[in-house]
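The values are calculated or read from the model by the stated rules, or taken from the named source; none is laboratory data. What you are looking at is a predicted structure, and each value in this text was computed from that prediction instead of being measured. Here the Cβ is made from the backbone with ideal geometry for all residues, glycine too, and neighbour counts use every protein chain on show.
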Amino acid sequence: MYDNRFGDQSYLDWLALNPYEGLAQRIRVLAGTAAVLDDLHSGRRTGVPVAHGDVKPATIVVRPDGSSSPADLGELWTVDGSLVAARSTPYAAPELFLPGALTSPDADRYAFVATVVHAVLGAPPPVHPPHQGPGPRVGIDLVRLSDLLRANPLCAAFPAFQHRLLNALSATPSGRVHTLSTWLDALLNDLAPPMFATTGTLPLAPGAYPPPTEALPPWSPPATASRSGGSQTLTWVLAGVAALVALVLVAGGAWYLIQRPDSPAAPNLVVAPTPTASPSPLPSPTPSEDRLTAARAYLNGTWEGTYRCRQGLTGLKLVIFVVDDHEVEATFEFFPVKSNPNVPRGSYVVEGSYTATGFTLEPDHWIKRPGDYIMVGLEASFSPLAGQSIRGEITDPGCSDFSLKKSSTDTRRPPV
């Protein structure tokens with residue numbers, strides 16, 4: 001399948017050996033595979049569309065330079081109706097479970113999207129359990145997947161990213177993404193964090209930033225969703241209508257008592273005195289204040305992970321100190337990792353601002369500078385409800401993303 005004497009490995013192994021890689025880098029690795037599959041599906045070289053037939057993390061080879069391509073190319077399936085499709089359940093399109101099903105480029109595209117889902121979750125997509133009764137339920141369970149994506153710390157703050165994945169998996173075979181490379185670029189665009197670093201609330205899916213060429217129609221759960229969810233929604237709707245009716249009746253009754261012509265004269269109107277002895281209650285915190293308090297507690301502490309710049313993958317330890325409700329300071333320590341042992345150790349101070357959903361940190365001054373290294377800044381989005389992880393971008397043209405996990409609540413103010 002591939003020759004590991006030259007450092008090649010399957011994408012499945014690559015994910016296991018690079019657990020701290022950011023989500024954007026996990027997806028960028030698949031760009032070469034997307035391009036090869038697009039070429040096979042077009043039939044430009046073969047004169048007829050060709051399907052791989054078994055796209056999944058174990059059949060994608062990743063080379064030492066970070067490029068990738070599908071493996072097992074000696075077992076390609078020409079789309080001529082003569083061969084029965086092989087399938088791996090977590091990555092197989094629903095139509096491949098039908099009797100006598102044949103593989104196709106559309107099935108490959110579904111499998112590629114399922115492979116991206118594996119990269120996000122760190123595990124195969126959830127599938128329907130064996131089903132007894134009318135109406136087959138096969139393949140990926142989109143309802144469970146939707147819940148997992150919303151709770152996943154890598155993509156919880158990116159609703160358009162989740163939406164694009166679910167759209168690609170819920171589409172009919174003929175309606176699936178046609179060009180995987182273009183779709184992959186749009187997916188990476190959904191991970192752009194600057195919007196979250198400057199706003200206090202998360203946009204609703206699909207968000208305001210997908211490119212016009214990749215419109216995101218509303219995604220809805222499949223028809224097999226449990227009825228309990230629907231009945232619960234109906235209950236809330238009926239409760240809201242009842243509350244509205246009650247409010248109208250109360251307001252109408254009050255208006256009638258005030259406006260009716262035979263109402264008693266004003267002197268006969270008894271008004272209860274307003275107590276003045278008791279002090280006014282303190283105003284309760286607003287939702288935005290609550291979110292900011294949660295973000296402050298969430299950020300304070302020590303975070304460890306990796307980032308990628310010109311020198312390659314590099315270890316990162318970020319000790320964050322929240323100064324007040326707007327300002328934040330941190331000590332940025334970088335060091336070598338096992339796969340890139342020649343990186344020197346160094347540290348410097350970054351300062352900036354934060355909101356309830358993100359932060360922006362700019363370089364301030366060196367603590368320990370190795371050679372001619374330069375300082376870089378960070379931008380990130382996060383969700384305190386999505387787990388103790390942060391991912392974002394290094395704000396330098398020669399760098400890409402970073403990924404951190406909270407290792408402790410220990411914090412200290414950076415040295416002056």
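Of the candidates Lys368, Lys338, the single residue that is over 18 Å from Glu21 (Cβ atoms), among the basic types (Lys, Arg) and out of contact with any His (no Cβ under 6 Å at 6 or more places or on another chain) is Lys368. Restricting attention to the stretch 25-57, the residues being of a type in the set (Gly, Ala, Ser), crowded, with 18+ Cβ neighbours inside 10 Å and either modelled with pLDDT under 90 or under 20 Å from Ala93 (Cβ atoms) (or both) number 3. Taken over the stretch 170-194, the criterion of being in contact with a Pro (Cβ under 8 Å, 6 or more places away or on another chain), part of a helix (DSSP H, G or I) and not small (Gly, Ala, Ser) is satisfied by Asn189 alone.
Taking the condition touching a residue at least 60 places away in the same chain (Cβ under 8 Å), crowded, with 19+ Cβ neighbours inside 10 Å, under 20 Å from Arg308 (Cβ atoms) and over 24 Å from the mean Cα position of the chain (by Cα), does Val376 pass? Judged against the criteria, Val376 is a match. Residues in the stretch 95-118 that are among the hydrophobic types (A, V, I, L, M, F, W, C) and crowded, with 20+ Cβ neighbours inside 10 Å: Leu96, Ala107, Ala111, Phe112, Val113, Ala114, Val116, Val117.
Could you go through the stretch 361-377 and let me know if any residue there is closer than 28 Å to Ile27 by Cα, outside any strand (DSSP E or B) and at pLDDT below 90. No, every residue in the stretch 361-377 fails to be closer than 28 Å to Ile27 by Cα, outside any strand (DSSP E or B) and at pLDDT below 90. Inside the stretch 341-350, can you point out the residues that are in a strand (DSSP E or B) and either farther than 16 Å from Pro370 by Cα or charged (D, E, K, R) (or both)? Val350, the sole residue that qualifies.
Residue-by-condition table, conditions (1) in the same structural domain as Pro19 (by TED's automatic domain parsing); (2) surrounded by fewer than 22 Cβ atoms within 10 Å (Cβ to Cβ); (3) without any contact (Cβ under 8 Å) to a residue 40 or more places away in the chain; (4) of a type in the set (S, T, N, Q):
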position: Arg310; (1), (2), (3), (4): no, yes, no, no
position: Leu313; (1), (2), (3), (4): no, yes, no, no
position: Lys338; (1), (2), (3), (4): no, yes, yes, no
position: Phe359; (1), (2), (3), (4): no, no, no, no
position: Ser381; (1), (2), (3), (4): no, no, no, yes
position: Gly387; (1), (2), (3), (4): no, yes, no, no
position: Ser400; (1), (2), (3), (4): no, yes, no, yes
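Consider the stretch 60-83 and keep the residues that are surrounded by 13 or more Cβ atoms within 10 Å (Cβ to Cβ) and within 15 Å of Ala107 (Cα to Cα). The one that is modelled with the lowest pLDDT is Leu83. So which residues in the stretch 11-23 are modelled with pLDDT of 90 or more and touching a strand residue (DSSP E or B) at 6+ places or on another chain (Cβ under 7 Å), if there are any at all? Hits for the stretch 11-23 are Tyr11, Trp14, Leu23. The single condition among (1) modelled with pLDDT under 85; (2) touching a strand residue (DSSP E or B) at 6+ places or on another chain (Cβ under 8 Å); (3) small (Gly, Ala, Ser) that Ala114 does not satisfy is (1). In the stretch 369-411, the qualifying residues are those that are among the polar types (S, T, N, Q) and touching a Phe, Trp or Tyr at 6+ places or on another chain (Cβ under 6 Å), and the one that is nearest to Gly315 (Cα to Cα) is Ser403.
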